[in-house]
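Below is one structure, written out as C-alpha cells; the observations come after it.
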Amino acid sequence: MHIFSEIGPMNAYLKRERSNLSTVGLVPTMGALHAGHVSLLQASKRENAITICSIYVNPTQFNDPADLEKYPRTLETDIQMLREAECNVVFCPDNSTMYSAVSQLKFDFGALDKILEGEFRPGHYSGVALVVSKLFNMVQPDRAYFGQKDFQQFRVISRLVEELKFDLSLVCAPIVREADGLAMSSRNMRLNAAERKRAVILYQNLKQTRDRLLQGDPFPQLRKTVASQCDQNNVKLEYLALADRETLTLLDDVADPSRAILLIAAQVGDVRLIDNLYLTENRN
Ligand code: PAF
C-alpha cells in the first residue's frame, strides 16, 4: 500500500497507473474508519484497478470549532484497516497541502444546502463541496464512493459533479449498521456506554415512522410522537424529515413511497448523529 501526503508524488504514481489504462476509485474520508468505510473500499475494489482512500479532517466543513477539535483522529488504526482491506493508496494530506491560503471560495446550492443539515450546520456543505472539488481535481478518479448515511451530502456532491462537469461517476453505498441497527459512524466512538444504548433510538424511530407512514398515518403527528420519545430518552431531536429522495424537497405526506426518504438528526449527549431510511427499498 502506498501512502502519500503530498500531491506531486501521488500524481506521478497515478500517471504511471493510468498509462496502463487502470481505472481509479476514490473513497474520500475523514478517517476514524469503520465497517461502513470498508464497504465503500470493497465496492471500489470490485469496480476499479486502483483504490485510493483519502483521510483528511476538513476544517472548512465544521461550523463549530469544538466539534472539529473533538472529531476522532485514529490514523495508525486507519492505516492498519486499509492494509487489511487491501487498499492500494492512502492520501493523507495536511492543512497546508489542502489549503495553501485561507479559502474565500464559497458554494451555494440554493435550497439543497439550506435545509436539514444545512440549517443546523450553516456553511457545512460549502466546505464539503470545496474539499471534494479539490480531491476530485487532485486524484481525477473514474469513480468516487460515498455512504448513504450522509444522504444530503450525496445529493449536494451529485449537484456539484453535474454543474462543474467532473468527469466521473458517483456511487452511493448502502448504510452499514451495528447489530442493534445503529448506523455506523466515526462519531459513534465518542458515545459513552449509556449514550451508545440510547443512540439506537434514531433507527428505531425511523423504522416505526416508516411502518406507520406506509399504513397511512399522517407525518406531522408521527413527528410529534418521535419528538416526545426522544425527549423521554434524553435525546435531543434536531429534525425528523420526510423528503423526496431525488430532489430532497421536504414533504408533508407520502404520494409515492418509492420516492420517499426519512431523515433524522439528534444529539445524544454531546454527540450529533444522523441517519436515514428509504420508505421502500426498491431504488429508482
Ligand atoms: O463524508 C465525509 O467523511 C466527508 O464529508 C468528506 C466527504 C470526506 C469530505 O470531507
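Values in this text are rule-based calculations from the coordinates and carry no lab data. What you are looking at is a predicted structure, and each value in this text was computed from that prediction instead of being measured. When we count neighbours, we look across all protein chains shown, and the Cβ atoms used for this are built from the backbone with ideal geometry, even at glycine.
Structural remarks
- Cα-based equivalent ellipsoid of the range 1-75: semi-axis lengths in Å, sorted from largest, via gyration tensor: 27, 16, 9
- Karplus-derived HN-Hα couplings along the range 103-115 (A = 6.51, B = -1.76, C = 1.60, θ = phi - 60°), whole Hz, x at Gly and Pro: 7, 9, 5, 10, 10, 9, 9, x, 4, 4, 9, 9, 8
- Each part reduced to its alpha carbon centroid, the range 6-85 and the range 139-182 end up 13 Å apart.
- Electrostatic dipole magnitude of the chain [Cβ: Lys, Arg +1; Asp, Glu -1; Cα centre; debye, to 20]: 240 debye
- Neighbour-count ranking [beta-carbon atoms within 10 angstrom, fewest first] of Ile3, Ile274, Ile115: Ile3, Ile115, Ile274
- Sequentially through the range 65-70, phi angles give Karplus couplings (6.51, -1.76, 1.60; θ = phi - 60°) of x, 5, 5, 4, 5, 7 Hz, Gly and Pro residues having no value and appearing as x.
- Computed about its Cα centre, the charge dipole of the range 26-150 is approximately 180 debye, with only Lys, Arg, Asp and Glu carrying charge at their Cβ.
- 26 Å Cα-Cα threshold exceeded, pairs from Lys106/Lys236; Lys197/Lys224; Lys70/Lys165: Lys106/Lys236; Lys70/Lys165
- When the P(r) is computed for the range 231-279, the part past 17 Å accounts for 39% of the Cα-Cα pairs.
- Debye intensity ratio in log₁₀ form over the Cα atoms of the range 187-284, taken at each q of 0.12, 0.13, 0.19 Å⁻¹: -0.38, -0.44, -0.86
- The chain: mean projected area of Cα convex hull, nm²: 14.9 nm²
- Eligible aspartates and glutamates near Lys15 by straight Cα distance, threshold 20 Å, same-chain separation 8 or greater: Glu6, Glu47, Asp142, Asp167
- Cα gyration tensor shape of the range 46-194, rounded if a/c is under 1.5, else prolate or oblate by comparing a/b with b/c: rounded
- About its Cα centre, the dipole of the range 165-233 is roughly 120 debye, where the only charges are +1 on Lys and Arg Cβ and -1 on Asp and Glu Cβ.
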